[in-house]
1. Before anything else, pin down the relative contact order of chain A: Cα pairs under 8 Å, at least 6 apart, normalised by residue count, whole percent.
2. log₁₀ I(q)/I(0) of chain B at q = 0.12, 0.20 Å⁻¹, via Debye over equal Cα point scatterers, no solvent, to two decimals?
3. Can you tell me the FRET efficiency between A:Gln10 and B:Tyr99 if r is taken as the Cβ-Cβ distance and R0 is 22 Å, rounded to the nearest 0.05?
4. Using the crude model of +1 on Lys and Arg Cβ and -1 on Asp and Glu Cβ, and no other charge, please compute the dipole size for segment B:1-124 relative to its Cα centre, in debye to 20.
5. Principal axes first, then extents: for the Cα atoms of chain A, list largest minus smallest coordinate on each axis, whole Å, largest first.
6. For the pair B:Glu120/B:Val137, report the inter-label distance in nm, with labels modelled 7 Å from Cα in the Cβ direction.
7. Using Cα-only point scatterers and the Debye equation, what is log10 of I(q)/I(0) for the protein assembly as shown at each q in 0.08, 0.15, 0.19 Å⁻¹, rounded to two decimals?
8. Evaluate the distance, in nm, between pseudo-label points positioned 7 Å from the Cα of A:Glu34 and of B:Ala69 along their respective Cα→Cβ axes.
Amino acid sequence: MTGYPDLARQYRVSSVPKTVVGDEGVEFVGAGPEAMLLQHVQEAARRGGGLVVA
Amino acid sequence: MPLLTDEVTAELREAFAGLVNPVRLVVFSQALAEPVSEEVRRLVEELAALDERIRGESRNFVLDQEQAAELGIERIPAIAVLGEQKDYGVRLYGLPTGYEFGSLVESILDVSRGESSLSEETRAGLAALEKDVRLRVFSTPT
């Protein structure tokens, strides 16, 4: 987070760990159960999926 | 002076005994512009020296732009953790110290095994996705 202040600003990272899922505003702070992570990923895919990564 | 202490080295050798398939660690650095990236490069070299199934490959972010683009590397320091046959999309940015060093080691083991510890339900849910989703995890070395 401190190493990449531009990214921290872009994704509004004020506390960590923060996970940004896709590029359509799905995100969460801290850890959670696996099912919650899956739901976030599914929501991000539904909203547009974000960038395609190799 | 090595970055990894004798104690950490011993623990890593034990952890890496669980490696299955070879893993490539492609590190992108640029010593002059980003001195900390040089430290990451050294760290990868030291890790690669611990087990023959780990191959460290050093790339210059400026000179090896084409490969950086192929691997989706956008900034340095960066480590791409790649399976021999498959790229699972694991990229670590920054200096992996403290807790993040554990994340790097776990990534190496997961990629080597070619599987995660996710449940069947999660795997099925992810396999059904119609689009790729990028996960960016922000953390601070502790």
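The values are calculated or read from the model by the stated rules, or taken from the named source; none is laboratory data. Treat the numbers as computed from the prediction; the structure is a model and nothing was measured. When we count neighbours, we look across all protein chains shown, and the Cβ atoms used for this are built from the backbone with ideal geometry, even at glycine. The protein model used for the area step is the full one, side chains on, heavy atoms only, and it has no ligands, DNA or RNA in it. Shrake-Rupley method; radii C 1.70, N 1.55, O 1.52, S 1.80 Å.
1. Details: 51 pairs, mean separation 16.0, N = 54.
Averaging sequence separation for qualifying contacts and normalising by length gives 30 percent for chain A.
2. -0.50, -1.34
3. On the way: r = 23 Å, r/R0 = 1.06.
Efficiency computed from Cβ-Cβ geometry: 0.40.
4. Details: 12 positive and 24 negative charges, 45 e Å.
About 220 debye.
5. For chain A, the Cα spread along each principal axis is 29, 25, 20 Å.
6. 2.5 nm
7. Values, matching the q order: -0.27, -1.02, -1.55.
8. Here the modelled spin labels are 3.9 nm apart.
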